[in-house]
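K.L.:
My questions all concern the structure below.
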Amino acid sequence: MACSAENGIETEIRLLGPFTLLHRGTPMDHRLKGPARRLFFYLLTRSGTRIRREIIAEAVWPDGAPSRSAFNTTLWRLKKCLTGLPGITMECGNDTLMLDVAAPARLDIRKVLDAQAALSSAPEDLTLTELETLRAAVELWRGDFADGLSSNWALVMRERLLNTYIQALIALMRHAGRERRFEEALECGQRVLAVDPFREGIHCEVMWLLVLTGRRATAITRHKEFCTLLQRELGIGPMSETAALFDYIRTGLERCPDAPPQAPSSELTARRYEGYLQTVERSRASIYAALQTMYTGD
């Protein structure tokens, strides 16, 4: 049996990345296209809410309201596809529609939207429940919401979900960094830059995390690549504070080892490396104070 079924999920709806509808872990041949797919997506973004038909028609058919017959045919096709799927219910009134998703069904965008509440806490104040919520959101991310849809409501939701995903990664990165789980923090930072490579504040944090994981040379290379990207795509260079941070990593840490010793040969070696870490972390903390003032958008 597929993993999702083993976890008690009978129906899974994936709107992040390629649209997929799974029943007991097996992808369905749903054949939802055109207006039926747009209707499904729109109702899912408002799951559990009654919506008037005229509002739905305006969102799903932006070029002009459909006839009542066309609307009902589209609705019939959607209902036929969803018949028998555990956890998905649709209520059709004379003037309203409501689609609801509940256990044993799972909707991926709901997990991401749930993360918004957890983002109100500072990284150092995140509870275990909030951390689990953020991790669940980033683990389900497979790509942009409803890629290919250009309706205003889809664009707004796409941006909202992407921003939540990025902010969740940033919160997890900073929480892991405070806990000295630098590899985990680095992975989060790199995932942010994978979807938004121009976030200069995150680039700075990733450079530090590379240093803290013994990859100072890689940090130097990454910064050069970042400068090339800025110049090629935007015709600008990095901010002066970013350049100063790079110079410090390139020259101020020259006498420090590029990687932690795998097996310290002596207590002295271990003490030297610990001193190196403390020096880097002290520098990192002071520069972060400046960075967080500058890059308030990150």
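K.L.:
Excluding same-chain residues fewer than 8 positions from K224, which aspartates and glutamates have a Cα within less than 12 Å of its Cα?
P.N.:
D247
K.L.:
Note down the net charge around E130, summing +1 for each Lys or Arg and -1 for each Asp or Glu among other residues with Cβ under 14 Å from its Cβ.
P.N.:
-1
K.L.:
Ranking request for peptides 136-149, 76-89, 232-245: highest mean number of other beta-carbon atoms within 10 Å first, then the rest in descending order.
P.N.:
136-149, 76-89, 232-245
K.L.:
Moving to a separate point now. Which percent of the accessible area of the stretch 1-106 is formed by carbon and sulfur heavy atoms (probe 1.4 angstrom)?
P.N.:
Carbon with sulfur: 48 percent of the solvent-accessible area.
K.L.:
Now a separate question. Setting aside same-chain residues fewer than 8 positions from K79, which lysines have a Cα under 22 Å from its Cα?
P.N.:
K33
K.L.:
K80: which aspartates and glutamates have alpha carbons under 13 Å from its alpha carbon, excluding same-chain residues fewer than 8 sequence positions away?
P.N.:
Result set, ordered by chain and number: D29.
K.L.:
Net charge around E58, counting only other residues with Cβ within less than 15 Å of its Cβ (Lys, Arg = +1; Asp, Glu = -1)?
P.N.:
So the surrounding residues net to +2.
The values are calculated or read from the model by the stated rules, or taken from the named source; none is laboratory data. Computed from a prediction, not measured in an experiment: that's the story for all the values here. Using ideal geometry, Cβ is built from the backbone for each residue, glycine included, and neighbour counts are taken over all protein chains shown. Side chains are part of the model used for accessible areas, which takes the heavy atoms of the whole protein and leaves out ligands, DNA and RNA. Shrake-Rupley method; radii C 1.70, N 1.55, O 1.52, S 1.80 Å.
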